[in-house]
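Scroll down for the structure; my scribbles are underneath it.
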Amino acid sequence: MKIRALAAVLSLVAALAGCSSAGNAILQTLPYAYGRNPGVDNARLNPNFRYLRITVSGRVALLALGYIDSHPQGSIEVWYSAEREVLRLQNGRLVGAVGLTTEWRNVRLPELPAWSAAARDNQAFLWTRARDVMPGYRFGVKDKLELRAIEAPRRSALQGMDAQGLTWFEERAEPEVVAGLSAVFGIDADALLPPTRYAVDFRGGQETVVYGEQCLAADLCFTWQRWPVQAAGQK
């Protein structure tokens, strides 16, 4: 079933994609992705698939859900672009990114509190993420993170939803010791990453992360938003 779903979604995005120029391929997901073209927001989408709306440096693209991996700490959604770049999200957090100029592999997260619990807690929650980073195979990179609820930001890339109706969170990173080859050769694995933000929808007794702002490196940041077919003008 997973193989069929993956083949179908890759066929879909390949059919939608036109010829692309060189550059960060996350921008090349659909023909609409070149520049500030509003066409991506009105594209006729197949209602049998689920989508992420991605923005990078003011450009817009769509990714399609390939399949969902089961995991004890929460299902992992695997999203594909037309160029077969892959983003993996677990409870709204990035747990993998492959095919971009910076890649995160083998991301390890501890057991984290539910978003609803974090929203009720007035204290910041401290936790540590471990990841392997390419290029250069810098393994064991650790990020000491501080999660806290915040007010809805005045500016974001959120589309078609009321920011005030969502609950917002921010994760800030602090410097952490780097292990592995990075430590041996004295390589700075990453400049301190900018904060990550999440918007969570608690309606209907659910807790769904519907929007995020994420950086893979200090110079590679993007936003993502769950993009239902009806949000793209479908009836």
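The values are calculated or read from the model by the stated rules, or taken from the named source; none is laboratory data. Bear in mind the structure is a predicted one, so any value in this text is a computation, not a measurement. Glycine gets a Cβ as well: all are built from the backbone with ideal geometry, and neighbour counts include every protein chain shown. Just so you know, the surface numbers come from the protein's heavy atoms only, side chains and all, with ligands and any DNA or RNA stripped out. Shrake-Rupley method; radii C 1.70, N 1.55, O 1.52, S 1.80 Å.
Applying the condition of being of a type in the set (Val, Ile, Thr) and farther than 23 Å from residue 75 by Cα to the stretch 96-125 and asking which residue is modelled with the highest pLDDT yields 102. When 23, 74 are screened for being at pLDDT 50 or above and of a type in the set (Gly, Ala, Ser), only 74 passes.
If only residues of the stretch 113-139 that are of a type in the set (D, E, K, R) and part of a strand (DSSP E or B) are counted, the one that is farthest from residue 215 (Cα to Cα) is 138.
Applying the criterion of being among the small types (Gly, Ala, Ser) and either closer than 15 Å to residue 124 by Cβ or not in a strand (DSSP E or B) (or both) to the residues of the stretch 140-155, the residue that is most open to solvent (accessible area, probe 1.4 Å) is 149.
Residues of the stretch 44-57 that are buried (at least 18 other Cβ atoms within 10 Å of the Cβ) and more than 14 Å from residue 224 (Cβ to Cβ): 45 alone.
Restricting attention to the stretch 126-139, the residues that are aromatic (Phe, Trp, Tyr), open to solvent by 30 Å² or more (accessible area, probe 1.4 Å) and modelled with pLDDT of 95 or more total 0.
Looking at the stretch 166-227, the strands (runs of 3 or more DSSP E) lying wholly inside it that each contain 2 or more residues that are open to solvent by less than 50 Å² (accessible area, probe 1.4 Å), under 22 Å from residue 99 (Cα atoms) and at pLDDT 95 or above sit at 208-217, 220-226.
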